[in-house]
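Report on the structure given below.
The values are calculated or read from the model by the stated rules, or taken from the named source; none is laboratory data. Small disclaimer: the values here were computed from a predicted structure and weren't measured. Methodologically, a virtual Cβ is constructed for each residue, glycine included, from the backbone with ideal geometry; neighbour enumeration extends over all protein chains shown. Ligands, DNA and RNA are stripped out before the accessible areas are found, and what is left, the full protein with its side chains, is counted by its heavy atoms. Shrake-Rupley method; radii C 1.70, N 1.55, O 1.52, S 1.80 Å.
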Amino acid sequence: MARCIENLAPQEMLVSVLLADPDGRHLRHGAAPSLPDFYNQAIDGIATGEGVGSCGTAAHRRESVIVTDIAADPFWTDFRDLAGRAGLAACWSTPILARDGSLLGTFAMYHRTPRVPQDTDLALARVFADTAALAIERHHIEQAKLAAEARAKAAHDELAKAVRAERELRAEAEQRAAAAAELNAKMRAAAAAQAATPHPETCQLGGPQECTAPAEIKIADSWGDSAWGCPRHVEEAILNVRAVFIASEELGGLAAYLNR
């Protein structure tokens, strides 16, 4: 579109399209096929505002800004040297507006000599701005559609991941419940068998001093030796057997403790 406008102009014209950031506060390079790269890079990201060249001011005012002589116009004070290096002497800028009035960008027509626009120039600018607005809005709609599809896919993937995790957790919980039930059954069976097994009435863990307290608790070591005792001597045996007698199999474990 920019090249087409340049070819239609009766005199040399250099076209520039800047696109508005989502916040509407800055303009980014869009298309400028005939302007030098250093110029495009320098104005990429300029702020919108009163007195910020032709394009920044047009974007701020939401109306066309005609600068017929860059060398003498106060809007170009900060960009006059840059325009001089690029060989630019006039700049007519038209805002590109969406149907709701929001800023989409700017369309600028540059000339290498000071120049006042004719009615045909202004009509050409309006046609280009309207056509560019349709193209930019369509592009935004396509981008929004792609973004929405990407978000929907990400949400679907996250949901599938959550469902898989929930199934895995449920299966693990069921396995743990089954294991707990099995262990509980074994414990009840062991408790019933132990209760039915005769055991000494008095503590076996008192050592040479013996102990006449009731035998209430049965303990066993890793090698199968077991004994009955009162709570005090059972606690003592557990501490001693764990700390000394079962530190090494040669020490004899619980059997050695009973025969100490």
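Any chance segment 183-195 includes a residue that's at pLDDT 85 or above, open to solvent by less than 50 Å² (accessible area, probe 1.4 Å) and aliphatic (A, V, I, L, M)? Checked segment 183-195: no residue is at pLDDT 85 or above, open to solvent by less than 50 Å² (accessible area, probe 1.4 Å) and aliphatic (A, V, I, L, M). Scan segment 62-111 residue by residue and report those that are surrounded by fewer than 22 Cβ atoms within 10 Å (Cβ to Cβ), of a type in the set (A, V, I, L, M, F, W, C) and under 21 Å from residue 8 (Cβ atoms). If the condition is that a residue be surrounded by fewer than 22 Cβ atoms within 10 Å (Cβ to Cβ), of a type in the set (A, V, I, L, M, F, W, C) and under 21 Å from residue 8 (Cβ atoms), then 66, 89 are the ones that fit. Being surrounded by 10 or more Cβ atoms within 10 Å (Cβ to Cβ), assigned to a helix (DSSP H, G or I) and touching a Ser or Thr at 6+ places or on another chain (Cβ under 7 Å) is a property that residue 125 has. Here is a check on your reading of the model: is residue 57 surrounded by 19 or more Cβ atoms within 10 Å (Cβ to Cβ) and modelled with pLDDT of 95 or more? Here the answer is yes, as residue 57 does meet what is asked. Of the residues making up segment 1-42, just one is free of Cβ contacts under 8 Å to residues at least 40 places away in the same chain, touching a helix residue (DSSP H, G or I) at 6+ places or on another chain (Cβ under 6 Å), open to solvent by less than 70 Å² (accessible area, probe 1.4 Å) and in a strand (DSSP E or B), namely 31. Out of the residues in segment 43-54 meeting the condition of being among the small types (Gly, Ala, Ser) and under 16 Å from residue 83 (Cα atoms), tell me which one is surrounded by the most Cβ atoms within 10 Å (Cβ to Cβ). Of everything passing the filter in segment 43-54, 53 is surrounded by the most Cβ atoms within 10 Å (Cβ to Cβ). In segment 184-240, which residues are on the phi > 0 side of the Ramachandran plot and not acidic (Asp, Glu)? Once the filter is applied, which keeps residues that are on the phi > 0 side of the Ramachandran plot and not acidic (Asp, Glu), segment 184-240 yields 207, 224.
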